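All remarks here apply to the structure that follows.
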Amino acid sequence: MRRLKREEIGELGLYEFQGYIGAMTSPTFGGWKGTDRLIELLNIESMERPKILEAGCSTGYITRYVAQRFDCEIVGVDISGLLLDIAEEESRKLNLKNISFRYANVEDLPFSDNTFDAVYGEAITALVPDPLKVLNEYKRVLKPGGKVATLDLLMRESLSQELVEETNEVMSGVLGTTVKIRSFQEWQQIFEESGFGSIQIHRYYEDLFKREYSTGAKARITCKLLYHLIVNREVRRKLIPPLRFAKKFQKALKGGNYGYLIFAGVK
């Protein structure tokens, strides 16, 4: 991918900026353990060369993981052209022939009804204004009997309203969309209204916001982050609020106030 000019970097949202500096290479909620839990619920190995959709694929790190593990055809979609460019470049390096990427909004997927055997998404269903609408889109593009699984952040109902509002505000700023952190009970109601059958919902409270990097990768990402903070005023303006919030958020994490859930269902 071409190197962006300083002005172009300043125009990036923080979601894209993380991808540009190489920070989006592993799952955020639940780590790879959470991803394996999600994949297990999809039961991909029991399908005969399934066609799979990943919603909100980012730089395609999970898309490539699935493409390498299973005899399948997989499509990753995202609303960031920059992140999709990175995803395609990394897939070419691995010479993956069973993978493709497409620009798309998960609220209005550009696929015909009954196209996919499985649909999954990590940290995407919670990041849209109407998650039920997105779940209905997943259901529409699934074949009859097709499986869905999502992994998303949740909060305990005991979390203070002040911290809930601050979390929503900071995450909305980072992701460039309206984010509402929900409780398990709120998510349960949404999933039940989705119309999927054989619903399973599991919740966990470990491995949150712990991306896995090698020592070298962590050093490179840190150096790039510090460099852009120093030379780019727009990056500083966007990054300083979430960095200030990070300490408070880490304290809340230690108190078990946040977790993640995995939902699975069948059309």
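From the list 66, 77, which residue is within 18 Å of residue 141 (Cβ to Cβ), buried (at least 16 other Cβ atoms within 10 Å of the Cβ) and in contact with a helix residue (DSSP H, G or I) (Cβ under 8 Å, 6 or more places away or on another chain)?
Details: 77 fails: in contact with a helix residue (DSSP H, G or I) (Cβ under 8 Å, 6 or more places away or on another chain).
Within the list 66, 77, the selection yields 66.
All told, residue 118 falls short of being under 26 Å from residue 45 (Cα atoms), crowded, with 19+ Cβ neighbours inside 10 Å, modelled with pLDDT under 95 and among the hydrophobic types (A, V, I, L, M, F, W, C). Of everything in region 204-231 that's over 19 Å from residue 24 (Cα atoms) and over 22 Å from the mean Cα position of the chain (by Cα), which residue is surrounded by the most Cβ atoms within 10 Å (Cβ to Cβ)? Step by step, filter region 204-231, then rank; the result is 231. Against the conditions (1) in contact with a strand residue (DSSP E or B) (Cβ under 9 Å, 6 or more places away or on another chain); (2) under 21 Å from residue 259 (Cα atoms); (3) of a type outside the set (Val, Ile, Thr), where does residue 76 fall short? Just the number, please. Here residue 76 clears every test but (2).
Given the structure, is residue 15 more than 15 Å from the chain's Cα centre (by Cα), closer than 30 Å to residue 243 by Cα and in contact (Cβ under 8 Å) with a residue 24 or more places away in the chain? When the stated conditions are applied, residue 15 does not pass them.
Return the only residue of 148, 174 being closer than 27 Å to residue 36 by Cβ and at pLDDT 95 or above. Steps first, please.
Details: 174 fails: at pLDDT 95 or above.
Among 148, 174, only 148 is closer than 27 Å to residue 36 by Cβ and at pLDDT 95 or above.
The single condition among (1) assigned to a helix (DSSP H, G or I); (2) surrounded by fewer than 16 Cβ atoms within 10 Å (Cβ to Cβ); (3) among the small types (Gly, Ala, Ser) that residue 91 does not satisfy is (2). With respect to the numbered conditions (1) surrounded by fewer than 19 Cβ atoms within 10 Å (Cβ to Cβ); (2) in a strand (DSSP E or B), which one is the sole condition not fulfilled by residue 97? Residue 97 satisfies all of (1) surrounded by fewer than 19 Cβ atoms within 10 Å (Cβ to Cβ); (2) in a strand (DSSP E or B) except (2). When you scan region 232-251, how many residues do you find that are closer than 14 Å to residue 10 by Cα and either without any contact (Cβ under 8 Å) to a residue 12 or more places away in the chain or surrounded by 12 or more Cβ atoms within 10 Å (Cβ to Cβ) (or both)? Matching residues across region 232-251 total 8.
Against the definition (of a type in the set (Gly, Ala, Ser), touching a residue at least 24 places away in the same chain (Cβ under 8 Å) and surrounded by 19 or more Cβ atoms within 10 Å (Cβ to Cβ)), how does residue 26 come out, yes or no?
Details: of a type in the set (Gly, Ala, Ser): yes; touching a residue at least 24 places away in the same chain (Cβ under 8 Å): yes; surrounded by 19 or more Cβ atoms within 10 Å (Cβ to Cβ): no.
So residue 26 does not fit the description; no.
Taking into account only those residues within region 181-191 that are touching a strand residue (DSSP E or B) at 6+ places or on another chain (Cβ under 7 Å) and not in a strand (DSSP E or B), which is farthest from residue 39 (Cα to Cα)?
Step one: list which residues in region 181-191 are touching a strand residue (DSSP E or B) at 6+ places or on another chain (Cβ under 7 Å), which gives 181-184, 187-188, 191.
Now narrow it down to the ones that are not in a strand (DSSP E or B): 181, 184, 187-188, 191.
Working: 181: 23, 184: 21, 187: 20, 188: 20, 191: 18 Å.
Top of the filtered list is 181.
Every test in (1) in a strand (DSSP E or B); (2) buried (at least 16 other Cβ atoms within 10 Å of the Cβ) is passed by residue 102 save one, and that test is (2).
Pairs only if they're at least six apart or on different chains, beta carbon under 8 angstrom, first in region 197-214 and over 13 Å from residue 32 (Cα atoms), second modelled with pLDDT under 90 and aromatic (Phe, Trp, Tyr); list them, first residue then second. Note: pairs meeting the criteria are 205/258. Across region 146-180, the qualifying residues are those that are part of a helix (DSSP H, G or I) and polar (S, T, N, Q), and the one among them that is surrounded by the fewest Cβ atoms within 10 Å (Cβ to Cβ) is 161. Residues that are touching an Asp or Glu at 6+ places or on another chain (Cβ under 8 Å), touching a residue at least 40 places away in the same chain (Cβ under 8 Å) and surrounded by fewer than 20 Cβ atoms within 10 Å (Cβ to Cβ) within region 129-140 comprise just one, 132.
The values are calculated or read from the model by the stated rules, or taken from the named source; none is laboratory data. Remember, it's a predicted structure, so these values are computed and weren't measured experimentally. We place every Cβ from the backbone using ideal geometry, glycine too, and count neighbours over all the protein chains shown.
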